[in-house]
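What follows is a single structure, written as structure tokens, with notes after it.
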Amino acid sequence: MAGLETFYEVMRRQGITRRSFLKYCSLTAAALGLGPEFVPEIAHAMENKPRTPVLWLHGLECTCCSESFIRSAHPLVKDVVLSMISLDYDDTLMASAGHQAEAILDEVMEKYKGNYILAVEGNPPLNEDGMYCIIGGKPFVDQLKKVAKDAKAVISWGSCASHGCVQAARPNPTRATPVHEVILDKPIIKVPGCPPIAEVMTGVITYMLTFDRLPELDRQGRPKMFYSQRIHDKCYRRPHFDAGQYVEAFDDEGARKGYCLYKVGCKGPTTYNACSTTRWNDGVSFPIQSGHGCIGCSEDGFWDKGSWYARLTDLKGVGFGIEANADRVGMAAAGVVGGGIAVHAAVSALKRARHKDADQQSTPADHNNKGEAA
Amino acid sequence: MSDISPALSAPTAPAAAPIPEGRAAAGRRLTTLYVYEAPVRLWHWVNALSIVVLCITGYLIGSPLPTLSGEPSAHYLMGTIRFLHFAAGYIFAVGFLGRIAWAFLGNRYARELFTFPFWRKSFWRGLFVEIQWYMFLKTRPLKFVGHNPLAQLFLFWVMVVGSLFMIGTGFALYSEGTGMGSWQDTLFGWIIPLLGGSLSVHTLHHLGMWVIILFVLVHVYSVIREDIMSRQSMISAITNGYRSFRDDDPD
């Protein structure tokens, strides 16, 4: 009767005290950006609601999302949410395997029809009828469509499921396709990042399970609570940006002093994620804090938008050379146009001088005739 | 040609001053017309100045100046540069809105900037003649009270469409700082996912700057050249509003 257990019962069964449970509720409320008045609401929901099963599918991916997820800094989140998911289906984490595992999938789908949440890690390749990713002897795209059919909502874990990520980078030989372009009739929550932050993942799941509704999404389908601001907006090196103090090269004086990494290609100003506030591994650090610019892994197409170490994106994808950026293209064009103007001006002056000579030798009537002929 | 002559022979057009009788020596009358009203001229120069500020500061945002030493609290260089960019951007955008309003309030030449007479045959004929004039295939261009068709082509596609693009992408990027729910985000935020994300919009905005710089190069050159070589004045028209013609020949 696992299906009728509430979150609280599952927690208690795992030996978690009520005190720890309430601590978890208040920490979750804080992580979700909710006020303290929501703590009892979360506790109440967890105590009374039968849990919603989550089916976790894996397509073309590297499992870094799962790796991140199981390292969630808050151990209770991991214990609670992860154990409940593994009760159902996650082929890389669950104990069972093979036919037994696939049977669980069918069972949950039938038992909780229209009530389970589908979490997708990775994406389906569509070329060659999806043969580049086979799960249980069948193309992943088929499994995805089958499980999505009766799901309440779909969570796209990571940049693979949300945007395509590395396997969809040019030239994308397998035609790896993000989930929202395959599943068109279900609400989809994108949780991009390569991988997403563990607390963001558990936060999204906890929100959906406790409140029984989707988190508020932005225009691109990402939960606003974690993706409404850029890394840059909350970066602790931001004062150096505003002051005009940059790392000019790795290992220079500025790098040792912790100046802004903008000039060495930090993508913080164009990347929406919670790294600069939540940080990673129990809040230990995040890329910028360890001296490397953000690579923008939670942004669409980050593999194809130029060097991670240059501020201006190169334009090789749109037909310019590998070294071309907006400034080089612009300056080259300005050079060509400037040269053209110089030549044109010279010819104009020459023509005008000749014309004047001719004018002086002719009568005004001639001039008028010439004008009309022109 | 036919689209020009009605303009010339239509002093009844609103706000177009009646053709003053010039020096009447031997029946010659050199015509001067009031073409660009004060708000148009004011907009032109405010716009020109804001473009200069926007290009310089915009370039410096993309490629910042060398690092300053000392405490960050002692400097606000990038902050100042960005402030100037945003302030000039607001002036540029408000000026553009004002210019649109004046298209409705002003004379017929105030509307010219925003109309691209795609279906008017005489426009394309005039454009062809103007291209020939620029290719030195004609010794004498046509006469125009407003913009010549070649100028109109560039003004519409670079200055009107280009400005709209720069204002749209500019405010979309600005909305990233003002945050979700701000009016900039509500009005312009949708542009970012439409054009493929924040970084792509930055790159397109940057390329847009170069398109405008190219336009300015060509614009300044052709205005000076036309002022010397064409049959009507250019620089006086955008400073005091009056355009004078150098001959009284038809078209």
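Every number here is computed from the coordinates shown, using simple stated rules; none is lab data. Just so it is clear, the model here is predicted, and its values are computed rather than measured. Positions of Cβ are generated from backbone atoms using ideal geometry, with glycine treated the same way; all protein chains shown enter the neighbour counts.
Charged neighbours of B:Y34, selected by a Cβ distance under 14 Å, balance to +2 (K, R count +1; D, E count -1). Angle, helix B:161-178 long axis vs. longest principal axis of chain B, Cα atoms, 0 to 90°, nearest 10? Long axis of B:161-178 versus the principal axis of chain B: about 20 degrees. Straight-line cross-link reach from A:K186 at under 21 Å between alpha-carbon atoms covers these lysines, not counting any fewer than eight positions away in the same chain: A:K111, A:K113, A:K145, A:K146, A:K149, A:K152, A:K224. Partner lysines whose Cα lies under 26 Å from the Cα of B:K121, excluding those fewer than 8 positions away in the same chain, are identified as A:K370, B:K138, B:K143. Using a 10 Å cut-off around each Cβ of peptide A:267-274, what is the average number of partner chain Cβ atoms that fall inside? Across the residues of A:267-274, the mean count of other-chain Cβ atoms within 10 Å is 3.
Let's test the formula: R0 of 22 Å, r as the Cβ-Cβ distance of A:D185 and A:R213. What FRET efficiency results, to the nearest 0.05?
Here the calculated transfer efficiency is 0.75.
Kirkwood analysis of the Cα pair distances in chain B returns a hydrodynamic radius of 20.5 Å. A simple packing score, the average count of other Cβ atoms within 10 Å per residue, orders the peptides A:50-56, B:110-116 as A:50-56, B:110-116, with the highest score first.
Return A:M109, B:M135 ranked ascending by Cβ neighbour count within 10 Å, so the fewest neighbours appear first. By the 10 Å Cβ count, ascending: B:M135, A:M109. Where both bridge residues fall in the protein assembly as shown, DSSP classifies roughly 40% of the beta bridges as antiparallel.
Treating the beta-carbon of each Lys and Arg as +1 and of each Asp and Glu as -1, no other charges, what is the dipole magnitude of chain B about its Cα centre, to the nearest 20 debye?
Here chain B has a charge dipole of around 760 debye.
Note down the relative contact order for region B:37-153 as a percent, whole number, built from C-alpha pairs under 8 angstrom at least six residues apart. Relative contact order of region B:37-153: 25 percent. For peptide A:201-207, the mean count of partner chain Cβ atoms within 10 Å of a residue's Cβ comes to 0.
For a footprinting-style exposure proxy, rank B:I100, B:I238, A:I231 by other Cβ within 10 Å, fewest first.
Lowest count first: B:I100, B:I238, A:I231.
If both residues of a DSSP beta bridge must be in chain A, then about 35% of such bridges are antiparallel.
Where Lys and Arg each count +1 and Asp and Glu each count -1, what net charge lies around A:D185 among other residues with Cβ under 13 Å from its Cβ? With Lys, Arg at +1 and Asp, Glu at -1, the net is +2. Plugging the Kirkwood radius over Cα pairs into Stokes-Einstein for the protein assembly as shown, at a temperature of 4 °C and a viscosity of 1.567 mPa s, what D comes out in µm²/s? Answer, rounded: 45 µm²/s.
Take the Cα radius of gyration of chain A and divide it by 2.2 N^0.38 Å, N being the number of residues; the result is 1.40. In this calculation the C-beta distance from A:D357 to A:F320 is compared with R0 = 56 Å, giving a FRET efficiency of 0.75. Each of the peptides A:17-25, B:151-159, A:151-159 was scored by the mean count of other Cβ atoms within 10 Å over its residues; in descending order, highest first, they stand as A:151-159, B:151-159, A:17-25. Ellipsoid fit via the Cα gyration tensor, region A:232-311: semi-axes of 18, 16, 11 Å, each the root of five times an eigenvalue, largest first.
Other residues with beta-carbon under 15 Å from the beta-carbon of A:Q167 carry, at +1 per Lys or Arg and -1 per Asp or Glu, a net charge of -4.
Within 10 Å of the Cβ of each residue in B:194-205, the mean number of Cβ atoms contributed by other protein chains is 6.
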